[in-house]
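Here the structure is laid out as structure tokens; the discussion comes afterwards.
The values are calculated or read from the model by the stated rules, or taken from the named source; none is laboratory data. Computed from a predicted structure; not experimentally measured. Cβ: placed from backbone, ideal geometry, glycine included. Neighbour counts: every protein chain shown. Accessible surface is based on the protein model in full, side chains and every heavy atom, while ligands, DNA and RNA are left aside. Shrake-Rupley method; radii C 1.70, N 1.55, O 1.52, S 1.80 Å.
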Amino acid sequence: MTKPFLLYGWQLSYFSGKARAYLRYKQIPFREREVDGYTLMRRIPRKTGSSPVMPVVVTPEGEWLQDTTHIIETLEQRFPTPSVYPASAALRVLAQLLEAWADEWWIPIAMHYRWSYPENEALFLKEAGRALVPFAPRFLQRRLARRPATLLKSYLPGVGVVPAQFDLMERWTEAMLDALDQHFAHHDFLLGGRPCVADFALIGPLYAHLARDPWPKRALIAPRPHLQAWVARTHEGTPGDGALFDIADLPETLQPVLRALRDEFLPMVLGIRDAVQRHAQAGTARKPRLPRALESIDFPMADGHFRRLAMPYTLWMMQGVQRGYRALDEAQRAALCAAIGSGAAAEALAADVGPVLQRTGLRVRWAEARGGARRR
């Protein structure tokens, strides 16, 4: 019998949900283990060269894979059928853009609903403590779990989760969840009758943070039955048997998501691009790795503007999307930009997004460690 893959993750973890749903959908034989303290702090950093992180997938050959985008790209080469990337080149780029949106844009939303509502913390302390020190007494488990809880809460201001922005985030979230509920009333998945990489990315925040934590589960997910059903079928890996949409005939129910890409996410990416360029021009490009976060940037959200630190990692993801966009022919590019809407989308997708970046663990570095500012 072939040795199964091994998934190290938590039910609480944003990106563990993405990896778990993908593995289930692909029917890749795997076992899941909760990450204990020793594995998180010692084994994973040693095996991946990264800081403590989850999820991690260990292959039957003993390779430790980190970062869900890389995990999925790697496993797609070994298990190409059914592909989670649309066959249509233009639709594939849209799916990858949606993946970046779900991975990066939703982080403040997920963090806000977990940590701004105190009743959620009890679930975190219970589950994280049990995972970190499974054989310890319950009171000690919860006490030790307060350390990662405190660390995670310390990140809130940097990603924009501050009281002055709570109302804006909640207005945006309520409107987006309503739109998604309407979409899933008519379509099983984001881009049609079967899941793609965009669904697995979006299940990360919607399953781990909104559909499990007590307050958002009760207030946000339960009142939206079609969204709740999508969360269940996507997380369980339901295959779906329908076709994907044609890029030239996307349904009206997807338009709120496309507007979010065009009017909010792409401006955020360009703001990060500008911050990275300023960082390079300041003479810090001689250092091979960029900081996890740079200066604060401001960009549209809902009926206002949102402010948070610029994360170079998001720009690295966008550069991957752009490689796909640049490989399209002229007609495919026109179809994609028409689907997203407005000339601003075309300009953002074709824009120079700064010095080429490479991922190393949870950080990014210049594609050339010395000199740093090599352009595409």
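Taking the range 140-184 as the region of interest, how many residues are among the β-branched types (V, I, T), assigned to a helix (DSSP H, G or I) and in contact (Cβ under 8 Å) with a residue 24 or more places away in the chain? Summing the residues that are among the β-branched types (V, I, T), assigned to a helix (DSSP H, G or I) and in contact (Cβ under 8 Å) with a residue 24 or more places away in the chain in the range 140-184 gives 2. Selection within the range 243-262: residues that are charged (D, E, K, R) and in contact (Cβ under 8 Å) with a residue 40 or more places away in the chain. The member of this set that is farthest from E104 (Cα to Cα) is D246.
May I ask you to list the residues in the range 1-49 that are aliphatic (A, V, I, L, M) and buried (at least 19 other Cβ atoms within 10 Å of the Cβ)? Within the range 1-49, L7, L12, A19, A21, L23, V35, L40, I44 meet the criteria. One residue is enough: does the range 261-270 have a residue meeting the conditions crowded, with 16+ Cβ neighbours inside 10 Å, under 25 Å from M318 (Cβ atoms), among the charged types (D, E, K, R) and modelled with pLDDT under 95? The answer is yes, given that some residue of the range 261-270 is crowded, with 16+ Cβ neighbours inside 10 Å, under 25 Å from M318 (Cβ atoms), among the charged types (D, E, K, R) and modelled with pLDDT under 95. For M41, the conditions (1) out of contact with any Gly (no Cβ under 8 Å at 6 or more places or on another chain); (2) among the hydrophobic types (A, V, I, L, M, F, W, C); (3) in contact (Cβ under 8 Å) with a residue 12 or more places away in the chain are fulfilled apart from (3). Quick one: in the range 293-331, which of the residues that are open to solvent by 60 Å² or more (accessible area, probe 1.4 Å) and assigned to a helix (DSSP H, G or I) is nearest to V159 (Cα to Cα)? Within the range 293-331, the match that is nearest to V159 (Cα to Cα) is R323. Applying the condition of being over 21 Å from A175 (Cβ atoms) and among the hydrophobic types (A, V, I, L, M, F, W, C) to the range 223-244 and asking which residue is surrounded by the most Cβ atoms within 10 Å (Cβ to Cβ) yields L244.
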